[in-house]
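Notes follow the structure.
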Amino acid sequence: MSFSVTEPTKGTKWFAGILVVTYACITLVPLLWIIATGFKSPTDSIAYPPVVVFEPTLEGYVNLFTDRTRATEDMLEAAGPAETWYDQIARDRGTVISGPSRYGERFLNSVIIGFGSTALCMILGTMAAYAFSRFKVPLKDDLLFFILSTRMMPPIAVAIPIFLMFRTLGLNDTHLGMILLYTAVNLSLSVWLLKGFIDEIPIEYEEAALIDGYTRFQAFYKVVLPQAATGIASTAIFCLIFAWNEYAFAVLLTSGTAQTAPPFIPTIIGTSGKDWPAVAAGATIFLVPVMVFTILLRKHLLRGITFGAVRK
């Protein structure tokens with residue numbers, strides 16, 4: 001039985017294009033609204049009906065990166081004229097800047113923990129995937145199913161045992177503890193994804209390298225890794241997104257030294273309640289590293305998603 005593939009009509013292509021553009025616009029609306037809220041004043045951010053046209057201000061970003069205290073008119077006069085533009089923004093609201101906020105520290109913690117766990121997960125996941133793909137591992141199918149089964153329950157279901165274990169080992173509120181935890185959670189995903197990519201690399205390449213005198217490690221490093229680069233990049237993006245956005249474990253296991261940005265951003269409080277422009281500004285900045293990382297690896301991501309889709 002033979003099947004013929006027909007070329008989509010022009011009308012079908014136009015309809016599909018319009019559908020994709022419409023879906024993209026709908027999904028971008030919340031993101032654009034968050035970005036716009038970061039440039040609103042506190043009054044405009046909670047106005048009803050919502051304010052679409054407004055006078056932009058950097059007050060949200062100033063409030064995000066600084067701590068402020070309420071000051072009387074006498075205190076403001078005694079302090080003299082504002083020395084910087086952000087001092088002036090704070091004084092226009094009847095406050096004075098008392099020092100930097102902790103958002104920068106929390107953002108740096110997210111970078112260290114997110115990228116650290118992703119790198120460790122890629123190293124361990126690639127070696128494990130290579131072993132499952134190339135060697136005769138006893139009970140391989142059972143081991144792979146066990147690795148996959150760790151993703152069948154929500155991570156928060158094991159939060160209490162992990163909390164008790166971390167407290168006993170002294171890993172509570174540490175960068176090392178969070179890196180190891182996120183690596184353990186992401187490892188099953190990376191092993192399964194990378195094994196699929198490595199399975200698609202012809203084993204004849206390695207056999208030819210071994211005949212030429214390469215060791216097994218040299219064949220892995222010089223032959224398999226370059227071929228699997230697309231899969232590694234794709235898997236790294238998924239692992240980073242999880243580690244970057246994870247909230248539940250970060251709330252439970254960190255409070256100061258290793259606290260990341262997700263649990264810190266909702267706690268931003270202004271002089272009269274929740275400071276929504278500062279929250280939106282923090283969320284906007286928090287999006288940047290993952291977006292840049294994804295853009296840098298976009299070519300590998302597209303190739304990795306379609307890798308192995310057509311078999312010869």
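The values are calculated or read from the model by the stated rules, or taken from the named source; none is laboratory data. Worth saying up front: this structure is predicted, and the values here are computed from it rather than measured. Neighbour counts run over all protein chains shown; Cβ positions are idealised from the backbone, glycine included. For the accessible areas, the whole protein counts, side chains as well, though only heavy atoms, and no ligand, DNA or RNA atoms are used. Shrake-Rupley method; radii C 1.70, N 1.55, O 1.52, S 1.80 Å.
Residues of the range 143-169 that are part of a helix (DSSP H, G or I) and open to solvent by 100 Å² or more (accessible area, probe 1.4 Å): 145, 146, 160, 167, 168, 169.
You will find that of 38, 17, the residue that is modelled with pLDDT of 85 or more, buried (at least 17 other Cβ atoms within 10 Å of the Cβ) and either of a type in the set (Gly, Ala, Ser) or in contact with a Gly (Cβ under 6 Å, 6 or more places away or on another chain) (or both) is 38 and no other.
Among the residues of the range 187-204, write down those that are open to solvent by 20 Å² or more (accessible area, probe 1.4 Å) and more than 18 Å from residue 237 (Cβ to Cβ).
As a first pass, look at the range 187-204 and keep what is open to solvent by 20 Å² or more (accessible area, probe 1.4 Å): 187, 189, 192-193, 195-197, 199-200, 202-204.
Those that are open to solvent by 20 Å² or more (accessible area, probe 1.4 Å) and more than 18 Å from residue 237 (Cβ to Cβ): 199, 200, 202, 203, 204.
For the range 106-118, enumerate the residues that are touching a residue at least 24 places away in the same chain (Cβ under 8 Å) and open to solvent by 30 Å² or more (accessible area, probe 1.4 Å).
If we filter the range 106-118 for residues that are touching a residue at least 24 places away in the same chain (Cβ under 8 Å), which is where we start, we get 106-107, 109-118.
Passing the criteria: 107, 111, 112, 115.
Exactly one residue out of 129, 78, 71, 47 is farther than 30 Å from residue 180 by Cβ, of a type in the set (A, V, I, L, M, F, W, C) and open to solvent by less than 30 Å² (accessible area, probe 1.4 Å), and it is 71.
Residue 139 falls short on exactly one of the conditions (1) modelled with pLDDT of 85 or more; (2) open to solvent by 70 Å² or more (accessible area, probe 1.4 Å); (3) more than 28 Å from residue 113 (Cα to Cα), and that condition is (1). Beta carbons closer than 9 Å, at least 6 apart along the sequence or on distinct chains, pair a first residue in the range 136-160 that is under 21 Å from residue 242 (Cβ atoms) with a second that is in a helix (DSSP H, G or I) and open to solvent by 100 Å² or more (accessible area, probe 1.4 Å) for 144/192; 147/192; 148/192; 151/192.
Here residue 271 qualifies as at pLDDT below 90, touching a Lys or Arg at 6+ places or on another chain (Cβ under 9 Å), closer than 19 Å to residue 59 by Cα and surrounded by fewer than 20 Cβ atoms within 10 Å (Cβ to Cβ). The condition of being within 21 Å of residue 111 (Cβ to Cβ), surrounded by 22 or more Cβ atoms within 10 Å (Cβ to Cβ) and aliphatic (A, V, I, L, M) holds for only one of 184, 228, 236, 248, that being 236. For residue 55, the conditions (1) farther than 29 Å from residue 103 by Cβ; (2) open to solvent by 60 Å² or more (accessible area, probe 1.4 Å) all hold with the exception of (1).
Within the range 113-142, the set of residues being charged (D, E, K, R) and part of a helix (DSSP H, G or I) comprises 134, 140, 141, 142.
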